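Here the structure is laid out as structure tokens; the discussion comes afterwards.
The values are calculated or read from the model by the stated rules, or taken from the named source; none is laboratory data. Everything quoted here is computed from the prediction, not taken from an experiment. Here the Cβ positions follow ideal geometry from the backbone for every residue, glycine too, while neighbour counts run over all protein chains shown. These accessible areas exclude ligands, DNA and RNA; they are computed on the full protein's heavy atoms, side chains included. Shrake-Rupley method; radii C 1.70, N 1.55, O 1.52, S 1.80 Å.
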Amino acid sequence: GESVGLHLPTLSVQEGDNSIINCAYSNSASDYFIWYKQESGKGPQFIIDIRSNMDKRQGQRVTVLLNKTVKHLSLQIAATQPGDSAVYFCADSAPYDKVIFGPGTSLSVIP
Amino acid sequence: EAQVTQNPRYLITVTGKKLTVTCSQNMNHEYMSWYRQDPGLGLRQIYYSMNVEVTDKGDVPEGYKVSRKEKRNFPLILESPSPNQTSLYFCASSLSHRALAFFGQGTRLTVV
């Protein structure tokens, strides 16, 4: 079946630096993508989403980039803070199909 | 406050003893689902419900049951739990199956 996967299972960044978390998806029909953040002991929380008619979408300190040609999306976090330490999941879905979650990337922020 | 509430948060039980994990949402969402989360495997869908009285199997439904008698509640039932069902469980709700999901805080289940 189709799957969404992350390139790196763990990522460590210095506080204040920018973080980039990558995600590859395999279903070329996927047209909606979501990033979730899961802090320790909590359920996943929505961060930002993007539809396939866009290449980039910005939120507060976060930017999602979508490259449909290579089926890749990334989450960029500006000026990473200790509170950003969490596991980040990407998820994708195609019309009439369910959402598929990737395995997650653990982000650690070094003070 | 919009939320999905699961209970209990932690549960240790013995093999074969029936248990129910409750899930309730206050957002009037039609779509609800249950996931289990295991190290290295991410979130895997157990069951989902498109609306009241409409439920369907997800990717890993074996050993689980659900019901959707009311829109707000979607309990997960383990009739005869086994140790391989030891996991972290999440309930989620959303406007539709593709919309962004609101997750509960999770239920950590240990079956001994």
Which whole number gives the average, over all residues in A:26-35, of C-beta atoms from other chains lying within 10 Å of the residue C-beta? 1
Label zone at A:K42 (point 7 Å along Cα-to-Cβ), backbone N below 15 Å, segment B:79-112: B:102-106
Taking the Cα-to-Cβ direction at A:H72 and at A:Y96 and moving 7 Å from each Cα, how far apart do the two end points lie in nm? 3.1
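Would you tell me the mean number of C-beta atoms belonging to other protein chains that fall within 10 Å of each C-beta in B:42-54, as a whole number?
Mean number of neighbouring Cβ atoms from other chains: 2.
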Rounded to a whole number, what is D in µm²/s for segment A:57-111 from Stokes-Einstein with the Kirkwood radius over alpha-carbon pairs (37 °C, 0.692 mPa s)? 254
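Pairs A:K71/B:K65; A:K56/B:K71; A:K68/B:K65; B:K18/B:K57: which exceed 30 Å Cα-Cα?
Over 30 Å apart, Cα to Cα: A:K71/B:K65; A:K56/B:K71; A:K68/B:K65.
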Over 18 Å, how big is the tail of the calculated P(r) for segment B:10-70, in percent of all Cα pairs? 44
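Other chains' Cβ within 10 Å of B:29-36 residues: what's the mean?
Shielding by partners across B:29-36 averages 1.
Relative to the compact-globule scaling 2.2 N^0.38 Å, provide the ratio for the alpha-carbon radius of gyration of the protein assembly as shown.
Details: Rg = 17.5 Å, N = 223, 2.2 N^0.38 = 17.2 Å.
Dividing the Cα Rg of the protein assembly as shown by 2.2 N^0.38 Å gives 1.02.
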Can you give the local net charge around B:V111? Use residues other than it whose beta-carbon is closer than 15 angstrom to its beta-carbon, Lys and Arg +1, Asp and Glu -1. +1
Explain nothing, just the number: relative contact order of chain B, from Cα pairs under 8 Å at least 6 residues apart, as a whole percent. 36
Rounded accessible area of B:T22 (nearest 10 Å², 1.4 Å probe): 70
Add +1 for every Lys or Arg and -1 for every Asp or Glu among the other residues with Cβ under 11 Å from the Cβ of B:N84, and state the total. -1
Please report, for the Cα atoms of segment B:36-112, the Rg to one decimal and the Dmax as a whole number; what are they, in angstrom? 12.4, 37
